[in-house]
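Structure first, commentary second.
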Amino acid sequence: MSPFTSPSSLSIDWQHQAALYTQQDGFAQAAALYEQAIEIESSNHSHYWHLGLLLLLQGQEEEAQTTWLFALSEIDTDQMDAAVAELSQILHTEAERRTAKLEQTTAWVIRQHLRELCPEHIENLLHIVTLSIDLNLLTDSLLEDIGLIEQLAQPNAQVSLEYLWQVFDRLLKTAPASNSLLAFVEVAILHLQYSDAAANSVIAALLRFGFTAFEEEFAIRIAECALKINPVQSDILGLLAALHHNLGNHLKAVEVAKFRYQHSEALIEQIYSNGLMLRGLLGAGGLWQEAVEAAQHHRTLLERLVQQPPSDARLSQLTRLFNSGYYLAYLQDQPQQWRTLENQVIKLAQTGFQNHAATIGKLYHHQKRDRTGQRLKVGYLSYCMATHSVGWLARWLLQHHDPEQIEVHGYFLGYREAYDPLQAWYVDTVEYAHKFTTYAEATYLEIADQIYQDEIDILIDLDSITLDVSCQILSLKPAPIQATWLGWDASGLPTIDYFIADPYVLPDDAQSYYHEKIWRLPQSYIAVDGFEIDPPTLRREDLNIPKDAIVFLTAQRGYKRHRDHVSSQLKIIHQVPNSYLLIKGLADAKSIQEFFLKLAEEEGVSSDRLRFLKGDPSCPIHRANLQIADVVLDTFPYNGATTTMETLWMEVPIVTRVGEQFAARNSYTMMMNAGVTEGIAFNDREYIEWGVRLGTDAALRQSVISKLHQSKRSAPLWNGRQFAREMERAYQQMWAIYTQS
């Protein structure tokens, strides 16, 4: 007997059975029941909706559409909206059920049909996006293709803000940069308005696109979208200033930083804003007086902070203190004064992080391990193990490490999403590569945990205070011995045990103002086996310079253009007949030209003797083009480092001014370890004298060139293998001191 003899009394039973079949993926059996129901109740359109869905679940998409369209064609116009709503709800419910069962592909197919039926169903469109992410079906044009952006832009658009934010957050974390994504952000943020959740998503996106994927312009446009809703979002303003700075938009960075400062009430926020301002002014390269005033004000703010430490500072604010004093070293060579203040500020920030770690059970306790007969576990922590000046230099140590003595771990911060050949080399070279791509607040805890769990014996920091997340990690002391090497001066963190130096790069009395124990290697704190060089792309005739002229080159970023020192460089040009000065380095082109031309006029040097060069396409080409110079003029109080080593490798004489701080002694130690003393000056007068001598005495220049050529055979600066042995001995001695203490 057919169960449909009396459908009014039996409908509940057969529908229940159909539902059971559907839940158990018995789609054909369930469909048969609905087909029989339609024979009996052909006017009940709900049966067609379910039958079509069951056909769809069996992969019969065309038959499903035909079933739905037939039923819809039989419905009166005034009942159409209700019918479509009913079918939509059935499809939506089943799509949710399939998603819950992790059947994303089936859910995606159902939702595509629902989109055709109700293109204005925003929640469905949002689900299509999340399913596309799960299934790796997300394309640059998907958001536009499915009509999501158009629907969100409607004045009366109704949408769940919670779910919209979830999709917003996922897209910003996973989608590639595209105009479609930007358009979505612009309309979505109008709905989300200003909320902590939305702001945090934007901040994470700015860090991802701007500082990991290096899509700075795209990140800037996202920031600008967010600021349309609330123009005084301080965290976003801070990142926007940094993004403009990284792109070379220094004046725009200063403008944003000034605006942020004007809306910063807390002292700690004023310090961050003023630091951004100072960075932009120095980066521009020619705004000297404004930079001096900003630096003076910055020092005053830091001193006030030390005297009145905030009791309610957030971790994000404390993080910014780690590198708050970094740019002061570009203006004055006063390490005792500067480092004393820096140590106090760093300790304040570090204490806050340790207190926070204590509250969440993240204080690490190290038991002394017996490594007798075992390899030392050494970890290198850095953002710069990639195409970066630090990356070019540090690679030789890792290449020459003795694998029988050292187990090498690499902790890659801000791991590049785009392919980077030098980063790939580091990943292949270390025994254990730990990649960290995000900058979320919890990340520093995760990285510290990884280091601790890896039982690293000695953790080498390559970033110092140039990267805040490094400081966060090191503040927790995840390794029993921590040391700073190469990337910059010592950080001043109380949890750092050693700062690796050499006999020259720090003066004899430096320990009095360093928190860390200065560990002096016997010869040089850095050595390389050489640099890659491509054919040059720059010749004198390209610059309208006579063949018999003397060419001086100064090639540094705008930060290093100290007014007094540039005057010394121009005095050299004035005293060397038929000489030219080539000026090269990242800076604001207009500002740097006005800066040099004004000082040249004051020193009586014709503007015709100055040439402003653009950057080179690559580092190997930059090195080749150094040969256009007869003499390179180093900067002060912040010397070159990688640029100095490249100059020496290219056998070009260099003039440097030696100071007291680490940044003012890099070229000094490199020249000493290359076996060249000609060009080393200990005051401004000597700097000018050496410049004039090297510019006018061809025999002296040739003697220096010959020494540099010979140095490649035996000098410590060019012996990466020997340097690796010295570093390994230092590591073993550090470990012995630790285990015996």
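Results for (1) in contact (Cβ under 8 Å) with a residue 12 or more places away in the chain; (2) over 20 Å from residue 290 (Cβ atoms); (3) crowded, with 20+ Cβ neighbours inside 10 Å; (4) of a type in the set (Asp, Glu), shown as yes or no for each residue.
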| residue | (1), (2), (3), (4) |
| --- | --- |
| 547 | no, yes, no, no |
| 552 | yes, yes, yes, no |
| 560 | yes, no, yes, no |
| 564 | yes, no, no, yes |
| 569 | yes, yes, yes, no |
| 574 | yes, yes, no, no |
| 594 | yes, no, no, yes |
| 597 | yes, no, no, no |
| 615 | yes, yes, no, no |
Is there a residue being at pLDDT below 95, among the hydrophobic types (A, V, I, L, M, F, W, C), surrounded by fewer than 20 Cβ atoms within 10 Å (Cβ to Cβ) and not in a loop (DSSP other than H, G, I, E, B) anywhere in region 267-286? no
Looking at (1) assigned to a helix (DSSP H, G or I); (2) assigned by TED's automatic domain parsing to the domain that holds residue 549, which is the only condition residue 652 fails? (1)
For residue 236, are the conditions met, namely being assigned to a helix (DSSP H, G or I), within 18 Å of the chain's Cα centre (by Cα) and not hydroxyl-bearing (Ser, Thr, Tyr)? yes
Take residue 704 and tell me if it is without any contact (Cβ under 8 Å) to a residue 60 or more places away in the chain and in contact with a Pro (Cβ under 6 Å, 6 or more places away or on another chain). yes
Looking across region 130-149 at residues that are among the charged types (D, E, K, R) and within 17 Å of residue 112 (Cβ to Cβ), the single one that is farthest from the chain's Cα centre (by Cα) is 145
Test of understanding: among 669, 647, 635, which residue is under 31 Å from the mean Cα position of the chain (by Cα), among the polar types (S, T, N, Q), over 21 Å from residue 530 (Cα atoms) and at pLDDT 95 or above? 635
Of the residues that make up region 324-333, is at least one over 27 Å from residue 480 (Cα atoms), of a type outside the set (A, V, I, L, M, F, W, C) and in a helix (DSSP H, G or I)? yes
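Residue-wise test of (1) under 48 Å from the mean Cα position of the chain (by Cα); (2) in a helix (DSSP H, G or I); (3) at positive phi.
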{"site": "49", "(1), (2), (3)": "no, yes, no"}
{"site": "79", "(1), (2), (3)": "no, yes, no"}
{"site": "92", "(1), (2), (3)": "yes, yes, no"}
{"site": "112", "(1), (2), (3)": "yes, yes, no"}
{"site": "120", "(1), (2), (3)": "yes, no, no"}
{"site": "128", "(1), (2), (3)": "yes, yes, no"}
Assess whether residue 172 counts as being part of a loop (DSSP other than H, G, I, E, B), under 28 Å from residue 107 (Cβ atoms) and in contact (Cβ under 8 Å) with a residue 12 or more places away in the chain. no
I'm trying to understand the selection: among the residues of region 389-398, which are within 12 Å of residue 727 (Cβ to Cβ) and of a type outside the set (A, V, I, L, M)? 396
Given the conditions (1) more than 34 Å from the chain's Cα centre (by Cα); (2) aliphatic (A, V, I, L, M); (3) surrounded by 19 or more Cβ atoms within 10 Å (Cβ to Cβ), every one holds for residue 157 apart from (3)
From 629, 587, which residue is at pLDDT below 95, small (Gly, Ala, Ser) and surrounded by 22 or more Cβ atoms within 10 Å (Cβ to Cβ)? 587
Residue 309 vs (1) of a type outside the set (A, V, I, L, M); (2) modelled with pLDDT of 95 or more; (3) more than 29 Å from residue 612 (Cβ to Cβ): all pass except (2)
Can you tell me which condition residue 502 does not meet? The list is (1) under 25 Å from the mean Cα position of the chain (by Cα); (2) surrounded by 20 or more Cβ atoms within 10 Å (Cβ to Cβ), and all the others hold. (1)
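Taking residue 256, is it assigned to a helix (DSSP H, G or I) and in contact with a Cys (Cβ under 7 Å, 6 or more places away or on another chain)? Walk me through how you get there before you give the answer.
On the way: assigned to a helix (DSSP H, G or I): yes; in contact with a Cys (Cβ under 7 Å, 6 or more places away or on another chain): no.
Considered against the rule, which asks whether it is assigned to a helix (DSSP H, G or I) and in contact with a Cys (Cβ under 7 Å, 6 or more places away or on another chain), residue 256 comes out as no.
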If I go through region 648-697 residue by residue, how many of them are closer than 16 Å to residue 562 by Cα and among the β-branched types (Val, Ile, Thr)? 4
From the list 640, 691, 604, which residue is over 28 Å from the mean Cα position of the chain (by Cα) and either within 24 Å of residue 391 (Cα to Cα) or part of a loop (DSSP other than H, G, I, E, B) (or both)? 604
Of the conditions (1) farther than 30 Å from residue 507 by Cβ; (2) in the same structural domain as residue 481 (by TED's automatic domain parsing), residue 396 satisfies every one except a single condition; which number is it? (1)
Exactly one of these conditions fails for residue 711: (1) over 23 Å from residue 518 (Cα atoms); (2) among the polar types (S, T, N, Q); (3) surrounded by 23 or more Cβ atoms within 10 Å (Cβ to Cβ). Give me its number. (3)
Just checking, how many residues over region 361-390 are free of Cβ contacts under 8 Å to residues at least 12 places away in the same chain and among the β-branched types (Val, Ile, Thr)? 1
For region 406-439, what are the residues that are closer than 18 Å to residue 208 by Cα, hydrophobic (A, V, I, L, M, F, W, C) and modelled with pLDDT of 95 or more? 412
Residue check for residue 394: in contact with a Cys (Cβ under 8 Å, 6 or more places away or on another chain) and touching a residue at least 60 places away in the same chain (Cβ under 8 Å): yes
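Results for (1) farther than 26 Å from residue 200 by Cβ; (2) surrounded by 15 or more Cβ atoms within 10 Å (Cβ to Cβ); (3) among the charged types (D, E, K, R), shown as yes or no for each residue.
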| residue | (1), (2), (3) |
| --- | --- |
| 359 | no, no, no |
| 379 | yes, yes, no |
| 389 | yes, yes, no |
| 396 | yes, yes, no |
| 406 | yes, yes, no |
| 421 | yes, no, no |
| 430 | yes, yes, no |
| 453 | yes, no, no |
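Going through 340, 351 one at a time, which residue ends up being under 28 Å from residue 738 (Cα atoms), loosely packed, with under 15 Cβ neighbours inside 10 Å and either modelled with pLDDT of 95 or more or not small (Gly, Ala, Ser) (or both)? Outline the logic, then answer.
Details: 340 fails: loosely packed, with under 15 Cβ neighbours inside 10 Å.
Checking each option against the conditions leaves just 351.
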From 522, 546, grab the single residue that is more than 24 Å from residue 650 (Cβ to Cβ) and either of a type outside the set (Asp, Glu) or in the same structural domain as residue 701 (by TED's automatic domain parsing) (or both). 522
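The values are calculated or read from the model by the stated rules, or taken from the named source; none is laboratory data. Bear in mind that the values here come from a model prediction, so they are computed numbers and not experimental data. Neighbour counts are summed over all protein chains in view; Cβ atoms, including those assigned to glycine, are modelled from backbone coordinates with ideal geometry.
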